[in-house]
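Visitor: A single structure is presented below for examination.
The values are calculated or read from the model by the stated rules, or taken from the named source; none is laboratory data. Just so it is clear, the model here is predicted, and its values are computed rather than measured. Glycine also receives a Cβ, built like all others from the backbone with ideal geometry; neighbour counts cover every protein chain displayed.
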């Protein structure tokens, strides 16, 4: 959103208070609301605008449909020294996912490696939030998630069979900021289609196709294919078969296996016929969280030093365009983070109006603008 001049800008602290106010008005416990808002605002600070405050629109829809248990707290169902299975209780995924990655970190510090799977959850925001949490603790972190939103069309298929099934990988360094790869296994996340809709921009050709495989560029129509219709949807990473979309399709299946079949959550492709889906109003989304301690393999600090060396070499690689230096995964997000901590988080006018309406419907105060933020940019 930074590329659009004149957008309203909101300080991170004010956005955090606004999200907490709405979540609390919905009935979420204070501890869970604070953690959820923290994860959402951190996502917006890093420039991943598709997974931050924008998601309140989707969360309100799910709440009204009875698909969220806002007071749910995660519970451990099975556990060994290096594994755990958690039940999120049908709530939003941020709070149980923070608990899951923290548990994986604690186990990996003792045992060298740990994997925690979560079931009966919901959308957990940006995957990088949890992988980065492990890296900031000195460990390698890997996470992925499924979803009940059928929106990604397998290569050669007419109908959507997967969600965007993101994967994130983060690794600790000594001198550099952590390496953070956070990516959907689809060409784009559905949230980026939402951003086109919020900013009144067309969807680039190749992001979304209809049931006949034809590109859909109208943002409202594309949003319907992503969120409301079975046929068509987002393309797998690669976009077209000639551009190796089968690789994105394979990655989506891999993340589904680790997130859904491993945890015992419900696969979106069978949700219409799965008796478990008929027995619960909740989405039963699955996630997985892997933590790995480099010190189980290398002397203390050796991994971090050599990763620093590799990242430095990559950034010094001769660029094709001298005005566009070579970056590594995470660099754009860190640049957004540094700028937005100082300048604030830009928000499309349409999104501001949505947040104001959501707050009003919830009976929560509208806090995005006020005396502390200067004149109201929307009049």
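Visitor: Of the conditions (1) surrounded by 22 or more Cβ atoms within 10 Å (Cβ to Cβ); (2) part of a helix (DSSP H, G or I), residue 224 fails just one. Which one is it?
Guide: Every listed condition holds for residue 224 apart from (1).
Visitor: Here is a check on your reading of the model: is residue 101 assigned to a helix (DSSP H, G or I), in contact (Cβ under 8 Å) with a residue 24 or more places away in the chain, in contact with a helix residue (DSSP H, G or I) (Cβ under 6 Å, 6 or more places away or on another chain) and within 24 Å of residue 170 (Cα to Cα)?
Guide: For residue 101, the condition - assigned to a helix (DSSP H, G or I), in contact (Cβ under 8 Å) with a residue 24 or more places away in the chain, in contact with a helix residue (DSSP H, G or I) (Cβ under 6 Å, 6 or more places away or on another chain) and within 24 Å of residue 170 (Cα to Cα) - is met.
Visitor: Looking only at residues in region 268-284 that are touching a residue at least 60 places away in the same chain (Cβ under 8 Å) and outside any loop (DSSP other than H, G, I, E, B), which one is farthest from residue 109 (Cα to Cα)?
Guide: Taking the candidates together, the pick is 269.
Visitor: Further question on the same structure: Quick one: which of 113, 193, 118, 209 is touching a residue at least 60 places away in the same chain (Cβ under 8 Å) and either within 17 Å of the chain's Cα centre (by Cα) or within 15 Å of residue 249 (Cβ to Cβ) (or both)?
Guide: The conditions single out 118.
Visitor: It is to be established whether one or more residues within region 39-49 are in contact with a strand residue (DSSP E or B) (Cβ under 6 Å, 6 or more places away or on another chain) and under 22 Å from residue 198 (Cβ atoms).
Guide: Scanning region 39-49, I find at least one residue that is in contact with a strand residue (DSSP E or B) (Cβ under 6 Å, 6 or more places away or on another chain) and under 22 Å from residue 198 (Cβ atoms), so the answer is yes.
Visitor: Okay, next question. Tell me which residues, restricted to region 285-336, are buried (at least 20 other Cβ atoms within 10 Å of the Cβ), touching a helix residue (DSSP H, G or I) at 6+ places or on another chain (Cβ under 7 Å) and part of a loop (DSSP other than H, G, I, E, B).
Guide: 293
Visitor: Looking at residue 118, is it in contact with a helix residue (DSSP H, G or I) (Cβ under 6 Å, 6 or more places away or on another chain), closer than 30 Å to residue 297 by Cβ and surrounded by 18 or more Cβ atoms within 10 Å (Cβ to Cβ)?
Guide: Taking the combined requirement at face value, the residue satisfies it.
Visitor: Here's something else I'd like to know. Quick one: how many residues across region 218-246 are on the phi < 0 side of the Ramachandran plot and touching a strand residue (DSSP E or B) at 6+ places or on another chain (Cβ under 8 Å)?
Guide: 11
Visitor: Within region 337-379, can you find the residues that are assigned to a helix (DSSP H, G or I), modelled with pLDDT of 95 or more and closer than 15 Å to residue 12 by Cβ?
Guide: 337, 338, 339, 340, 341, 342, 343, 355
Visitor: Find the residue count for region 100-115, including only residues that are out of contact with any strand residue (DSSP E or B) (no Cβ under 7 Å at 6 or more places or on another chain) and on the phi < 0 side of the Ramachandran plot.
Guide: 5
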